[in-house]
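Written below as structure tokens is the structure these notes are about.
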Amino acid sequence: MTTIRVAIVDDQHLLVSAFSALIGAQADMEVAITASNGRQALERLSAELRQARGAAPLVVLMDLRMPVMDGIGAIASLRAHQASAGLPILVLTTFDDEELVLASLRAGTNGFLLKDASPEVLLEAIRVVAQGGAWLDPTITGTVLAHLEGHPDAGPPTAGGRAAPGPAPSLEPSPIPGGLYEPLTPREEAVLALVCQGQSNAGIAQRLYLAESTIKTHVKAILGKTGCTNRVELVIHAFAVGLVPLPRVNQGHR
């Protein structure tokens, strides 16, 4: 059994303790590091990556509002360095964080998790992101879409009074109807629907009875046809332009 190593980055010590206890009790997980701000997280993650090359997957649970360096700055810094650029990052957020959610999307997060999520949802989100999937709570997705629709000409959101780092994603509809540069094939539509359910490439391959390498090829083609740069942006875009219906449940994708 592969053990998922988890880095918990949050300035609320009680929450860190609760998450650590829950994660540590799982047979397939362990807490690799904890940190109380973004700068501390960068230092400890850098050391962890140097010491544990080739080890089990490492997933980062990242709070957004923290002292010294916030989550947006930390995500952008991780994405800017080759050793940490591919780390799965799951943002911890609340209902009133729509500006920060947008900023974290631009910085390169792999998903959003509500801080009041149930233990079962937290654990499932970690496992999905560790396998290469995207985790988007429909409540947060709806908030983001409402913000985009209400501010169609808005520039990049700000965090802490400064411009959010990273390029703004292309969330506007593409040149042809349906938010696409080219039409999706029926197979690509099926893959997109499963991506929007938070399925990993391996999970999609199992569902569609295809090789994982084939799914990766399809996902790459879908990203190109939508003008998106990552899976989270793709899911937001697919919901925004109606390529996939927005879920009505108030739990993360399964």
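The values are calculated or read from the model by the stated rules, or taken from the named source; none is laboratory data. The structure presented is a predicted model; accordingly, all values stated were derived computationally and were not measured. Quick reminder, even Gly has a Cβ in these numbers, built from the backbone with ideal geometry, and neighbours come from all protein chains shown.
Given (1) touching a Lys or Arg at 6+ places or on another chain (Cβ under 8 Å); (2) under 21 Å from residue 116 (Cα atoms), where does residue 58 come up short, assuming only one miss?
Failing condition for residue 58: (2).
Restricting attention to segment 198-227, and to residues there that are on the phi > 0 side of the Ramachandran plot and surrounded by 15 or more Cβ atoms within 10 Å (Cβ to Cβ), which single residue is modelled with the highest pLDDT?
Among residues in segment 198-227 that are on the phi > 0 side of the Ramachandran plot and surrounded by 15 or more Cβ atoms within 10 Å (Cβ to Cβ), the one modelled with the highest pLDDT is 227.
Of the conditions (1) within 18 Å of the chain's Cα centre (by Cα); (2) touching a residue at least 60 places away in the same chain (Cβ under 8 Å), residue 41 satisfies every one except a single condition; which number is it?
(2)
Of everything in segment 1-36 that's β-branched (Val, Ile, Thr) and within 17 Å of residue 124 (Cβ to Cβ), which residue is modelled with the lowest pLDDT? Lay out the reasoning, then the answer.
Of the residues in segment 1-36, the ones β-branched (Val, Ile, Thr) are 2-4, 6, 8-9, 16, 23, 31, 33-34.
Those still in the list that are within 17 Å of residue 124 (Cβ to Cβ) too: 2-4, 6, 8, 23.
On the way: 2: 80, 3: 89, 4: 93, 6: 95, 8: 96, 23: 96.
So the residue we want is 2.
Among 20, 46, which is the only one that is surrounded by fewer than 18 Cβ atoms within 10 Å (Cβ to Cβ) and under 17 Å from residue 88 (Cα atoms)? Show your work before the answer.
Working: 20 fails: under 17 Å from residue 88 (Cα atoms).
Matching residue, one of 20, 46: 46.
With touching a residue at least 60 places away in the same chain (Cβ under 8 Å) and part of a loop (DSSP other than H, G, I, E, B) as the only criterion, which of 26, 82 stands out? Give the steps one after another, and end with the answer.
Values: 82 fails: touching a residue at least 60 places away in the same chain (Cβ under 8 Å).
Just a single option satisfies the conditions, and that option is 26.
Of the residues that make up segment 35-43, is at least one in contact with an Asp or Glu (Cβ under 9 Å, 6 or more places away or on another chain), more than 18 Å from residue 129 (Cα to Cα) and part of a helix (DSSP H, G or I)? Please lay out each step first, then the result.
If we filter segment 35-43 for residues that are in contact with an Asp or Glu (Cβ under 9 Å, 6 or more places away or on another chain), which is where we start, we get 35-38.
Checking the rest, the ones that are also more than 18 Å from residue 129 (Cα to Cα) come to 35-38.
Keeping just the survivors that are part of a helix (DSSP H, G or I) gives 38.
Yes, segment 35-43 has at least one match.
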